[in-house]
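*Asks:* Sharing a structure, written as structure tokens. Questions coming.
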Amino acid sequence: MSDQTTTEQTARTAELLAAHPWVARARPAPDGGLHVVPHPDAVAAAPEPGPLLREHLEQWAEVYEWVYETGEGRHADDLDLSGWRSSDTGAPLPEAHMRDWVDRTVDLVLAQRPSRLLELGCGTGLLAHRLRPRLDGYVGTDVAQVAVDRLTAAGLSRTAFVRAAAHETAAPRVRDAMDRVFGPHLRPDCVLLNSVTQCFPDLAYLTAVLHGALSAVADGGTVIVGDIRHSGLVLDHFARLERARDPEADDATITARAAAAAACDEELSFAPAAVVTALAGQSRPVRISVHARTMAEDTELTRYRYDIVLHVGPHTPAPGTRQVRRTPWDAHRGSGTRAALRTALDGDGPVVVHSIPNVLLTDVPGAVTPYALRTALDGTDAAVLLDAADPRLLAVVSPAHCAPAATEQTPDPTGPAAREPFPLFVRRRLPEVLRDHVRRADPDAALPAITVVDGTGDGPA
């Protein structure tokens, strides 16, 4: 076959690809393959997910449908830990640690004093079973029908469970469930997304979900995003995994392996700054507080994850309220964690003790665990926060309701604002779809390698 014939066939295949609705442009590449640019509608997150993004969401729905159906981690009706496994060993995470994980999330939610709660991604009901008795009404949504059916069959009072994705807060079936449980046209005063954002495709989808949640919640309410994977700690996480697999490897090798693993990571991670960007354009004021995970056990759920609370609506400080006073940890440490906190928090008005090194992530003088801070507070009206810019640093604010004021100014993150799995999915999935499209359209057409590139055509999407 002549070079001219090959070139003509490749050009013909490019025309076939360009005709596909998921493709914006297709052209022959210098290496003899084909470069394609995805159509914006195919990868859009709003107003409705495009077909490629929808496939990504459905892939996760199928995973959880299978995990919940097998029920391998089901200890009791209110403690189904199916799917909760350690990244390094693959073994189920310890039951006691998971109970602690649940309790800390319940504490964070109840600290906001909700009465009507909408949980997006309720899973097996770990939180629903514990929150429901403390609420006037609870509505949970999930993409796994088996989870929705089991929770519905449990017959929990003042609850409803609906099959819906996280972006579907305005769907009629979700609104109908809230009307039944909360009362006609009443909004939730808390919307909760706990340990679900890792399944999101990208920041565009996160933004769409957050905007939907903020539209659903009542003024004065909160949107809680819990158990978030921090993008600034992803390399630390994979380096730890690689070191456990190969204790004798040199640091350069571990670093390279961790970078390669992070590049192939199929779960979303992001820093608090990404949420600040996602909130741009909101018609109602939203204040953010960034909270550390304070479980006792040193696992990936404690080291690399955090919570965000979005406080929605106008905020009017009480008369006489003072500005939050800031004091560094180094000025008080040296006499034990409990004594240092007592000294730092002593005085009039609200205070935040900042720049506390997290010993789980950095070995420097004065470093402590989030758990040690929580236990040292011992009933004090305070909260353990995560530094909004540096996830290796902690803070303590007292009283706890001043947490948003302690983290109002979110500086640029020290690491990437996000690590998004969706481009990786598109690079893998779109060529599969296009090869099938070409075979059906013209079985005799040439099928050179198809590479997904960005809008300039110069690099991977």
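Read-outs throughout are calculated quantities, based only on the coordinates presented, and are distinct from any laboratory measurement. This structure is a prediction, so every number in the text was calculated from the model and none was measured. FYI the Cβ positions are ideal-geometry reconstructions off the backbone, even for glycines, and counts take in every protein chain you see.
*Asks:* Which percent, to the nearest 5, of DSSP beta bridges fully inside the chain are antiparallel?
*Replies:* On the way: 34 of 60 bridges.
Percent antiparallel among DSSP bridges in the chain is about 55.
*Asks:* Kindly give Rg over Rh for the range 334-408, based on alpha-carbon atoms, with the Kirkwood expression for the hydrodynamic radius. Don't skip to the answer; put the middle values down first.
*Replies:* Values: Rg = 11.5 Å, Rh = 12.3 Å.
Dividing the radius of gyration by the Kirkwood radius yields 0.93.
*Asks:* While we're on this one: Around H75, which amide H atoms from residues at least 5 apart in sequence, or from another chain, sit under 5 Å from its own amide H, with H modelled in the peptide plane?
*Replies:* Excluding prolines and chain starts, which carry no amide H, the hits are D80, L81.
*Asks:* What list of ³J(HN,Hα) values in whole Hz, one per residue of the range 164-180 in order, does the Karplus curve 6.51 cos²θ - 1.76 cosθ + 1.60 (θ = phi - 60°) give from phi, with Gly and Pro shown as x?
*Replies:* 6, 7, 5, 7, 9, 5, 9, 5, x, 5, 6, 4, 4, 5, 5, 4, 5
*Asks:* Still on this structure, I have one more. Test of understanding: what is the full-extension gain from L447 to R435, defined as 0.36 nm times their sequence separation minus their Cα-Cα distance?
*Replies:* Working: separation 12, 0.36 × 12 = 4.32 nm, distance 0.72 nm.
Extending this stretch completely gives an extra 3.6 nm.
*Asks:* I would also like to ask the following. Among 82-92, 230-240, 20-30, how do they line up from the highest to the lowest mean number of other beta-carbon atoms within 10 Å? It would help to have the intermediate numbers written out before the result.
*Replies:* Values: 82-92: 14.5, 230-240: 21.0, 20-30: 16.3.
Ranked from most to least packed, the peptides come out as 230-240, 20-30, 82-92.
*Asks:* For D363 and E266, compute 0.36 nm times the residue count separating them, minus their Cα-Cα distance, and round to one decimal in nm.
*Replies:* Full extension of this stretch gives 32.0 nm more.
*Asks:* List the relative contact order of the chain as a percent without decimals, with contacts defined as Cα pairs under 8 Å and 6+ residues apart. Walk me through the numbers before you get to the answer.
*Replies:* Working: 852 pairs, mean separation 72.5, N = 461.
For the chain, the relative contact order is 16 percent.
*Asks:* How high is the relative contact order of the range 338-391, in percent, with contacts defined as C-alpha pairs under 8 Å that are six or more residues apart?
*Replies:* Numbers: 31 pairs, mean separation 15.4, N = 54.
So the answer I get is 29 percent.
*Asks:* What distance in nm separates the two pseudo spin-label positions at S87 and A249, each 7 Å out from Cα along the beta-carbon direction?
*Replies:* 1.4
*Asks:* Which angle between 0 and 90 degrees, to the nearest 10, do you get for helix 234-245 versus the longest principal axis of the chain when only C-alpha atoms count?
*Replies:* Compared with the principal axis, the helix lies near 80 degrees.
*Asks:* Nearest 10 degrees is fine. How inclined is helix 51-70 to the longest principal axis of the chain, computing both from alpha carbons?
*Replies:* 60
*Asks:* Let me ask another. Output ³J(HN,Hα) for the range 298-303: one whole-Hz value per residue in order, computed from phi by the Karplus curve 6.51 cos²θ - 1.76 cosθ + 1.60 with θ = phi - 60°, and x for Gly and Pro.
*Replies:* 8, 10, 4, 6, 8, 6
*Asks:* Across the range 435-451, in residue order, what do the Karplus-derived ³J(HN,Hα) couplings come to in whole Hz, using 6.51 cos²θ - 1.76 cosθ + 1.60 with θ = phi - 60° and x for Gly and Pro?
*Replies:* Couplings: 5, 5, 4, 5, 4, 6, 6, 7, x, 8, 5, 5, 10, x, 4, 10, 10 Hz.
*Asks:* Of the options V312, V426, V23, report the single residue whose Cα projects farthest towards the positive end of the charge dipole of the chain (beta-carbon charges: Lys, Arg +1; Asp, Glu -1).
*Replies:* V312
*Asks:* Please report, in debye to the nearest 20, how large the charge dipole of the chain is about its Cα centre when each Lys and Arg carries +1 at its beta carbon and each Asp and Glu carries -1 there. Could you put the intermediate results ahead of the total?
*Replies:* Numbers: 45 positive and 61 negative charges, 274 e Å.
Dipole magnitude for the chain comes out near 1320 debye.
*Asks:* Then there is this: What number, in percent, do you get for the relative contact order of the range 1-95 if the mean sequence gap of Cα pairs under 8 Å and at least 6 apart is divided by its residue count?
*Replies:* Values: 91 pairs, mean separation 11.6, N = 95.
This gives 12 percent for the range 1-95.
*Asks:* Take the alpha-carbon centre of the range 271-318, take the same for the range 346-362, and report the distance between them in whole Å.
*Replies:* With the range 271-318 and the range 346-362 each reduced to a Cα centre, they are spaced 17 Å.
*Asks:* Where Rh is the Kirkwood radius over the Cα pairs of the chain, the temperature 4 °C and the viscosity 1.567 mPa s, what D in µm²/s does Stokes-Einstein return?
*Replies:* On the way: Rh = 24.1 Å.
After rounding, the answer is 54 µm²/s.
*Asks:* Nothing charged except the Cβ atoms of Lys and Arg (+1) and of Asp and Glu (-1): what's the magnitude of the dipole of the range 133-266 about its Cα centre? Round to the nearest 20 debye. All intermediate terms of the calculation are to be shown ahead of the outcome.
*Replies:* On the way: 13 positive and 18 negative charges, 123 e Å.
Value, rounded to 20: 600 debye.
*Asks:* Next up: If you count, for each residue, the other Cβ atoms within 10 Å and average over each peptide, how do 300-310, 370-380 line up from highest to lowest?
*Replies:* Top of the packing list down: 300-310, 370-380.
*Asks:* Going highest first, how would you order 94-102, 256-264 by mean Cβ packing within 10 Å?
*Replies:* Working: 94-102: 17.3, 256-264: 14.3.
Descending mean neighbour count gives 94-102, 256-264.
*Asks:* Using amide H atoms built 1.01 Å from N in the peptide plane, name the residues 5+ places from R25, or on other chains, whose amide H lies under 5 Å from its own.
*Replies:* Sorted by chain and number, the residues that satisfy this are V37.
*Asks:* Please report the net charge: other residues with Cβ closer than 12 Å to the Cβ of L53, K and R +1, D and E -1.
*Replies:* Working: positive: R54, R429; negative: D41, E48, E55, E58, D202, E420.
Summing Lys and Arg as +1 and Asp and Glu as -1 gives -4.
*Asks:* Could you tell me how many degrees, from 0 to 90 and to the nearest 10, lie between the Cα long axis of helix 251-263 and the main elongation axis, the longest principal axis, of the Cα atoms of the chain?
*Replies:* 70
*Asks:* Going by amide H atoms built from the backbone, whose H comes under 5 Å of the H on A382, apart from near neighbours?
*Replies:* Long-range HN contacts for A382: A400.
*Asks:* While we're on this one: When a/c is below 1.5 the answer is rounded, else prolate if a/b is larger than b/c, else oblate, so apply that to the range 121-273 with a ≥ b ≥ c taken from the square roots of the Cα gyration tensor eigenvalues. Write down the numbers at each step before the final one.
*Replies:* Numbers: a/c = 2.93, a/b = 2.22, b/c = 1.32.
Prolate is the answer for the range 121-273, as a/c is 1.5 or above and a/b outweighs b/c.
*Asks:* A further question follows. Taking the dipole about the Cα centre of the chain, with the C-beta of Lys and Arg at +1 and of Asp and Glu at -1, give me whichever of L110, V143, A260 is farthest to the positive side.
*Replies:* The Cα lying farthest towards the positive end belongs to L110.
*Asks:* Using the alpha-carbon centroid of each, what span in Å lies between the range 432-448 and the range 99-131?
*Replies:* Centre-to-centre distance over Cα atoms comes out at 49 Å.
*Asks:* Continuing with the same structure: What value, in deg cm²/dmol to 500, does the helix sum -39500 (n - 2.57) over DSSP H runs of n ≥ 4 give at 222 nm once divided by the residues of the chain? Don't jump to the answer; show the numbers that get you there.
*Replies:* Details: 16 runs with 171 residues, N = 461.
-11000 deg cm²/dmol, from helical runs alone.
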